[in-house]
1. Could you compute the net charge surrounding His13? Neighbours are other residues with a C-beta less than 15 Å from the C-beta of His13; K and R count +1, D and E count -1.
2. Calculate, in nm to one decimal, what Glu4 and Thr74 gain on full extension: separation in residues at 0.36 nm each, minus their alpha carbon distance.
3. Output wanted: per-residue J couplings in Hz (rounded whole) for segment 13-19, from phi through Karplus 6.51 cos²θ - 1.76 cosθ + 1.60, θ = phi - 60°, x for Gly and Pro.
4. For the chain, what does -39500 (n - 2.57) per DSSP helix run (n ≥ 4), summed and divided by total residues, give at 222 nm, in deg cm²/dmol to the nearest 500?
5. Can you tell me the relative contact order of segment 38-85? Whole percent, Cα pairs under 8 Å, sequence separation 6 or more.
6. Would you mind counting up the charge near Phe49? Only other residues with Cβ under 13 Å from its Cβ, with Lys and Arg at +1 and Asp and Glu at -1.
7. Roughly how tilted is helix 69-85, in degrees to the nearest 10 and between 0 and 90, from the longest Cα axis of the chain?
8. Determine ³J(HN,Hα), in whole Hz, for all residues of segment 52-57 in sequence, where each value follows from phi through the Karplus function 6.51 cos²θ - 1.76 cosθ + 1.60 and θ = phi - 60°; x replaces Gly and Pro.
Amino acid sequence: MSRELKAAGFAIHDHGTPILPIAVNDDDLVYQAAGRLEQEGVFANPVVFPAVPPGQAIIRISLMATHTEEQLRTALQKFMLVGKELRII
């Protein structure tokens, strides 16, 4: 997922864990993205200050071994849709 999100143009802070922080760097935009993703059926956490430094808002997703390939492909497609719509990518 990390590789595919990076290839799509997202800035990923990959630390080798199943939790992927996706840089958005704008509080309003991160809330919009999380809301749109939810509308598309993808749960993602918006993370803003004070959990991250000011101006470094992220969307955080948690991957699990129980996610199917189809679920991951669908989530990736929805991230790309919302990322383009909101000009994150």
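1. Details: positive: Arg3, Lys6, Arg60; negative: Asp14.
My count for the surroundings of His13 gives +2.
2. Details: separation 70, 0.36 × 70 = 25.20 nm, distance 1.21 nm.
Gain on extension, Glu4 to Thr74, equals 24.0 nm.
3. My calculation for segment 13-19 gives 9, 7, 10, x, 10, x, 9 Hz in order.
4. Working: 3 runs with 37 residues, N = 89.
Rounded to the nearest 500, it is -13000 deg cm²/dmol.
5. Values: 27 pairs, mean separation 14.5, N = 48.
Result for segment 38-85 is 30 percent.
6. Working: positive: none; negative: Asp26, Asp27, Asp28.
Once positives and negatives cancel, what remains is -3.
7. That works out to roughly 40 degrees.
8. 10, x, x, x, 10, 4
FYI, it's all coordinate maths here, none of it is from the lab. Note that the coordinates shown come from a computational prediction; the quantities given were computed from them, not determined experimentally. Please note: Cβ atoms are built from the backbone with ideal geometry, for glycine as well, and neighbour counts cover all protein chains shown.
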